[in-house]
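Data first, discussion second: the structure below is written as structure tokens.
The values are calculated or read from the model by the stated rules, or taken from the named source; none is laboratory data. Because the structure is a prediction, the values reported are computed rather than measured. Cβ coordinates were reconstructed from backbone atoms using ideal geometry, including for glycine residues, and neighbour counts include every protein chain displayed. Please note that ligands, DNA and RNA were not included when accessible areas were found on the heavy atoms of the full protein model with its side chains. Shrake-Rupley method; radii C 1.70, N 1.55, O 1.52, S 1.80 Å.
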Amino acid sequence: KNQVEQSPQSLIILEGKNCTLQCNYTVSPFSNLRWYKQDTGRGPVSLTIMTFSENTKSNGRYTATLDADTKQSSLHITASQLSDSASYICVVSDRGSTLGRLYFGRGTQLTVWP
Amino acid sequence: EADIYQTPRYLVIGTGKKITLECSQTMGHDKMYWYQQDPGMELHLIHYSYGVNSTEKGDLSSESTVSRIRTEHFPLTLESARPSHTSQYLCASSGSRAEQYFGPGTRLTVT
């Protein structure tokens with residue numbers, strides 16, 4: 001069964017600190033992996049997207065890594081800010097159809113305290 | 001920022017009422033999607049469309065229906081709302097790059 005598991009479920013950190021969120025998946029075949037940020041009451045916004053051949057991608061203070069062999073990804077947030085408080089969702093796409101089926105994790109709820 | 005819009009943003013309605021959630025995008029994307037998301041849970045695909053006059057059911061069974069008469073418009077309708085329909089509904093669209101852009105969502109509460 002294709003699944004995407006994220007950890008931790010929730011995380012609280014102090015402003016200015018770094019943190020790393022984890023994503024493990026069993027989706028096969030694999031097309032790409034995306035990290036989204038979802039603010040409360042809003043739709044998800046894409047942070048990074050990585051294909052099989054990419055093992056790291058950065059977007060400002062966000063750096064995503066991908067190990068396609070172990071089927072693991074991480075999202076590292078550097079020098080956290082209050083505005084980073086949100087749910088971070090890992091999404092994996094297969095290439096089994098023209099639709100590009102997406103498998104969503106439940107997200108990690110990050111809270112940044114001042 | 002993606003140009004995809006949803007209205008209303010919030011809706012509280014009584015059981016048995018018919019409702020239509022609106023979704024429109026100005027990016028000319030062929031593919032559009034409706035997702036349902038409960039608090040703390042993952043998004044579930046309930047409907048998708050490849051283009052005009054094309055609609056398909058997603059992975060999660062839903063009593064809602066959709067239509068795609070125009071490229072930019074993908075409304076979702078519930079003929080008779082029930083408390084079990086209380087959820088957040090997210091619309092998304094994608095073009096040739098397969099990147100999905102999400103709207104802000106509609107939070108529906110059925111009393």
Next on the checklist: Checking the structure you have, find out if any residue of region A:56-73 is under 13 Å from the mean Cα position of the chain (by Cα), within 14 Å of chain B (Cβ to nearest Cβ) and either touching a residue at least 12 places away in the same chain (Cβ under 8 Å) or closer than 23 Å to B:H44 by Cα (or both).
Outcome noted: yes
Checklist entry - Can you name every residue in region B:1-33 that is touching a Cys at 6+ places or on another chain (Cβ under 6 Å) and under 15 Å from B:S94 (Cβ atoms)? => result B:C23
Item to check | Enumerated strands (runs of 3 or more DSSP E) restricted to region B:3-108, each holding at least 2 residues that are closer than 28 Å to A:L33 by Cβ, within 13 Å of chain A (Cβ to nearest Cβ) and in contact with a strand residue (DSSP E or B) (Cβ under 9 Å, 6 or more places away or on another chain) | outcome: B:4-7, B:19-25, B:31-37, B:44-51, B:54-57, B:87-94, B:100-102
Item to check | Residue among A:E5, A:E15 that alone is open to solvent by 50 Å² or more (accessible area, probe 1.4 Å), in contact with a Gly (Cβ under 8 Å, 6 or more places away or on another chain) and acidic (D, E) | outcome: A:E5
Checklist entry - How many residues does region B:27-83 hold that are of a type in the set (G, A, S) and touching a residue at least 60 places away in the same chain (Cβ under 8 Å)? => result 3
Checklist entry - Cβ-Cβ below 6 Å, separation at least six or inter-chain, first residue in region A:5-16 and in contact (Cβ under 8 Å) with a residue 40 or more places away in the chain, second open to solvent by 90 Å² or more (accessible area, probe 1.4 Å) and part of a strand (DSSP E or B): which pairs? => result A:L14/A:W113
Checklist entry - For residues in region B:30-83 being open to solvent by 20 Å² or more (accessible area, probe 1.4 Å) and among the β-branched types (V, I, T), which is nearest to B:K18 (Cα to Cα)? => result B:T77
Checklist entry - Within the bounds of region A:33-53, is there any residue that is within 14 Å of chain B (Cβ to nearest Cβ), out of contact with any helix residue (DSSP H, G or I) (no Cβ under 8 Å at 6 or more places or on another chain), under 12 Å from A:L110 (Cβ atoms) and small (G, A, S)? => result no
